[in-house]
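Undergrad: To start, I am sharing the structure in question, which I have written as structure tokens.
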Amino acid sequence: MMEERSEAPLFSVLLSILGAGIYYIFAKISLKAFEVSPISVGDAMGVPGCYMEGQRVEIATKRVGETLIVVLEGELDLATAQRVRDTVDSVLADDARLHHLIWDLGQVGFIDSSGLGMLLGRYKKIRARKGNVVAIGALEPVRRMLKMAGMERIMQFADTEEQALARIGGKH
Amino acid sequence: METVTNRVLMQFPSNAANIGFARTAIAVFASQLDFTLDELDEIKIAVSEAVSNAVIHGYQGCVGQISVMCTLTENYIEICVQDGGKGMADVEKALEPAFTTQPDERMGLGLVFVKEYMDEVSIDSAIGKGTSLIMRKSPVEARVGS
């Protein structure tokens, strides 16, 4: 009888620990479902705070020889330009052989000065590699903004990827 | 004095994700007047630039409140974007093309686009108190008619 009494509290403690463990795991799973990963605009602008979530832009990249082709879909503003900037800079940093850049803007429905600034920044990086930048498929509202910002004087324009690659020259 | 036909007030934190919401909502609101699609695109750009300025320059990365008040009359839309942020020392200089306090990748064209696409623009700013940017636009047919 004495042995049975001493095991009961031990069993109860073990059961509590097991229960707490299960609760913790389920709580973590539940929280994960609602988790967001904010990117700091502030970090991008060199100042702290002001969180955002990148949204409304899809980015696809591919390499053709020395050329990086970036296909964008969505809207380019302060919130989304940072994602594009990070993605393109990361690919360029990983491969010094990439000398040229083609922006496929055919699915970009909106651009403001934040998006234009991002394009200009990547243009500077490519020019530092002695390369060329070509934009393809820009819709009229986007083309108008590029023109107003003077981007037509520094970037080339083409209708198709093939035309853009031909215009760039270099190794494909 | 124009009669106000409709009015909406939006308030949101200076979160860049709200810029797209603001420009889209205001374009929809503006469509109650006979704006062309191009004109609605121009309003979207102007709102995007004004709200971006409040996020970047007004609060400089800190989170604060941005208010956007839209007023419709029979002939024009008036949009007031207001922040309670840092304020501008020299409003005239801020309106100059290519002027920017953050030259890294900012082109200094935000307010240039606002001036280009809206009929009237005025800025009221005080250091430490914030900035109000008020812009007005009429549909092209209303402008021709008047």
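Undergrad: Does A:Ile136 satisfy the condition of being out of contact with any Leu (no Cβ under 6 Å at 6 or more places or on another chain), in contact (Cβ under 8 Å) with a residue 60 or more places away in the chain and buried (at least 16 other Cβ atoms within 10 Å of the Cβ)?
TA: no
Undergrad: Still on this structure, I have one more. Across region B:51-70, which residue is farthest from B:Lys86 (Cα to Cα) among those that are among the polar types (S, T, N, Q) and either touching a residue at least 60 places away in the same chain (Cβ under 8 Å) or surrounded by fewer than 18 Cβ atoms within 10 Å (Cβ to Cβ) (or both)?
TA: The qualifying residue farthest from B:Lys86 (Cα to Cα) is B:Ser67.
Undergrad: Filter region B:2-37 down to the residues that are of a type in the set (D, E, K, R) and at pLDDT 95 or above and list them by number.
TA: Within region B:2-37, B:Arg7, B:Arg23, B:Asp34 qualify.
Undergrad: To continue, here is another question. Under the condition of being without any contact (Cβ under 8 Å) to a residue 24 or more places away in the chain and closer than 15 Å to A:Asn132 by Cα, which residue from region A:145-161 is surrounded by the fewest Cβ atoms within 10 Å (Cβ to Cβ)?
TA: A:Arg153
Undergrad: Would a scan of region B:57-74 turn up a residue that is at negative phi, of a type in the set (D, E, K, R), modelled with pLDDT of 90 or more and within 13 Å of the chain's Cα centre (by Cα)?
TA: Checked against the condition, which is being at negative phi, of a type in the set (D, E, K, R), modelled with pLDDT of 90 or more and within 13 Å of the chain's Cα centre (by Cα), region B:57-74 yields no hits at all.
Undergrad: Something else now. For region B:1-30, which positions are surrounded by 24 or more Cβ atoms within 10 Å (Cβ to Cβ) and assigned to a loop (DSSP other than H, G, I, E, B)?
TA: The answer is B:Ser14, B:Ala16.
Undergrad: Hey, another quick one. For region B:125-146, how many residues meet the condition of being at pLDDT 95 or above and of a type in the set (Asp, Glu)?
TA: Counting residues in region B:125-146 that are at pLDDT 95 or above and of a type in the set (Asp, Glu) gives 0.
Undergrad: Another one. Sort through A:Leu68, A:Leu72 and tell me the only one that's assigned to a strand (DSSP E or B) and touching a Phe, Trp or Tyr at 6+ places or on another chain (Cβ under 8 Å).
TA: Result of the check over A:Leu68, A:Leu72: A:Leu72.
Undergrad: Could you tell me whether region B:31-48 includes any residue that is closer than 20 Å to A:Ser114 by Cα, hydroxyl-bearing (Ser, Thr, Tyr) and not in a helix (DSSP H, G or I)?
TA: no
The values are calculated or read from the model by the stated rules, or taken from the named source; none is laboratory data. Quantities reported herein were computed from a predicted structural model and do not represent experimental measurements. As a convention, Cβ positions derive from the backbone with ideal geometry for all residues, glycine included, and neighbour counts pool all protein chains shown.
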